[in-house]
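The values are calculated or read from the model by the stated rules, or taken from the named source; none is laboratory data. Treat the numbers as computed from the prediction; the structure is a model and nothing was measured. Please note: Cβ atoms are built from the backbone with ideal geometry, for glycine as well, and neighbour counts cover all protein chains shown. In case anyone asks, the SASA skips ligands and DNA or RNA and just uses the protein heavy atoms, side chains included. Shrake-Rupley method; radii C 1.70, N 1.55, O 1.52, S 1.80 Å.
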Amino acid sequence: MVTVSGRKLQSARVLAIACWLVFCAAGNCLGQTAPPAIPAAKTAKTDESQATSKADIKKSEKLFSRALRLHSDENKIEESFAAFEESAALNPTEVTYATTREFVRQELVSQHLKRGNALLEQNRQVEASAEFRQALALDPSNAFAEQRLQDTWGAAPQRTAAQSVEFAGEPELAPKPGAQSFTFRGDTRQLMQNIGRAFGIDVIFDESFTTRQTRFNVPDVDFTHALQIARQVTHSFILPVTPTQMLVAADTQDVRRRLERMSLKTFYIPTAGSPQDFQEIVQVLRAMLDIRFITANPSAATVTIRAPGEVLRAAGQIIDNLSEGRPQVLLEIRALQVSESMSRNIGVNLPLSFTIFNLNTELRALGPNAQDLINRFNAGTLTPADLAAAQAALAASQNSPLTKGFATFGGGTTKFGVVIPASSVQLGYDKSATTSLQHMTLRAEQGHAATFRVGDRFPVITGTFSSALSGIQLPAGIPQSALQPITPSFNYEDLGITLKATPSLTGESDVTMQLELQIKALGALQFNAIPVISNREFKGTITLRDGQTSVMAGSIDQSETKSLSGMPWLSRVPGLRHAVSSTSKQTSTSQLLLLVTPHILRAKRDKDQKTESYLGSGN
């Protein structure tokens, strides 16, 4: 037995493990409980007569290496399988070759099964069966591929809304197309024969049909309308015998019970989910078509009716109309809010109030030696030590006006000081803008209210209750209030946006909406520790076309504050205003705009669809 090189053998084992993992994953995706068993490679019994030649071993190594390179390309897996198969055939004693071949075989089987399932979902049975046959050709023992091949042509068609799953039909007349004009005067038997002859229908009369004289003048009518008018004139009803033959009988209850055919039909209605919906459909059919034999099975979503063919066709049309979903509208609501604020302050803040004090009085308040210092100050003989003592006295008296800048006037005992306040120049400007957008979408059916709410539930305390616990001795240092728990009482307020919409389609593309919009948020003010809640609400009805955007509501809040501070009279002089006064201006603007755009997702029944049927006194 000749072995492959170490690197090639390791690569082959890695490929074998990878193929095994891929096959297991594909088997799980296809619904198999376990992948098909991989047959173990049969090790050939080598003897002198069946020994593999060196040329075959070398060729099998080259084919195995080529198969590994081809397998790296997803589009060449089939070619790699052929190379693996040829390599294993040339050297059947190498277990790695046979094992890798089987792994790649199952990988191909999984790919064919996946493609077949995808084609079967698209109702492409021919291509799907071809994929399943290729999978069986690679692995004839694959039971799952065989079952899928049987399901390809044996699967029942998918049920749709208001689809009849059982029908015991009756013959239907096939008259000649076109319109005919009739001008007739004679008996009723001849009239029915003339109408049948004009449209290629043979007429057979029942023994209950009576003949009498009549006149029949109808221009340009088709077979259905001509027969409907003739039934009313002759008081008869029609029973189709073959597509080209009909039986005419007297329209009486006994004759109908004897001759009228009853067909059975079961309608599948998946849109009616609850038993109440089925009962409503049954009541409508009984009231509109006078159906006696009707039963509903809500668990199977079916309604079974036994009635004449014309009544069954009308019942199918009514069920189709009732099971059709309501029109749906997608409402797009956008709330735009823009807030702007501006603050400006320009001018000079001059001192408008002055403090006047008696200089001698303030000096005496500094201490017992203050008078001596005053005398020396008046004589001009103050020494540095005296100044240091005066400075220490001033530091001890912080509220004394002597510690501030002041000017003096007068002399002697009437010498006064005036405190000069500080002045400032102001040049300030501040502007801010805030923009917020809230985008909401809401899907609703016609006539049904839909509510959209987003936000928080904010607790607002409305009161507190406490219950004192008496009769309990507390240790020293613990107050009695520790045994008085406080229980708050509060209400929840829904903050955020609440939108309620009830759409209705009023035209081909017109949408009428009853809208209720409410926006709640916490305000900046509080009263008794209870926050103020701002509320903006809109209620109204508007009509828009599909895709049209309109302003639903809008509000503007604007405030402006101006102030002037300065010297009287002079602050009003235009040239001196900014030199002797300061002006400030504050403005704030808040705008709220609500936009609504309806989008029709499912409209009403088209006008060109058949929405009416004729039910005469008979068939």
- Item | Calculated FRET value between residue 284 and residue 453, using beta carbons and R₀ = 41 Å, to 0.05 | 0.70
- Task: Rank-order 309-316, 334-341 by packing density, defined as the average count of other C-beta atoms within 10 Å over each peptide's residues, highest first.
- Result: 309-316, 334-341
- Query: residue 532 to residue 299: FRET efficiency via 1/(1 + (r/R0)^6), r the Cβ-Cβ distance, R0 51 Å, to the nearest 0.05?
  - Reply: 0.35
- Note on the structure: One finds the C-alpha centres of region 167-206 and region 540-577 to be spaced, in Å, by 83 Å
- Task: Count neighbours as other Cβ atoms within 10 Å of each site's Cβ, and list the chymotrypsin sites (Phe, Trp or Tyr not before Pro) in region 484-581 that are DSSP loop with at most 16 such neighbours.
- Result: 569
- Keeping all protein chains in position, work out how much accessible area residue 563 exposes to a 1.4 Å probe, and write it in Å² to the nearest 10. 60 Å²
- Item | Filtered trypsin sites (Lys or Arg not before Pro), region 87-153: DSSP coil and at most 15 other beta carbons within 10 Å | 124
- How much net charge surrounds residue 211 when only other residues with a Cβ under 13 Å from its Cβ are counted (Lys, Arg +1; Asp, Glu -1)? -1
- Which peptide among 508-521, 85-98, 442-455 comes first, and what is the full order, when sorted by highest mean count of other Cβ atoms within 10 Å? 85-98, 508-521, 442-455
- Note on the structure: Distance in nm between residue 556 and residue 334 label points, each 7 Å along Cα→Cβ, equals 2.0 nm
- Item | Using a Förster distance of 30 Å, the FRET efficiency for residue 172-residue 274 (Cβ separation, nearest 0.05) | 0.25
- Neighbour net charge for residue 341 - beta-carbon separation under 12 angstrom, K R +1, D E -1: -1
- Rounded to one decimal in nm, the spacing of the 7 Å Cα→Cβ label points at residue 426 and residue 202 is 11.3 nm
- Task: Just add up the charged neighbours of residue 185: K/R +1, D/E -1, any other residue whose Cβ is under 13 Å from the Cβ of residue 185.
- Result: +1
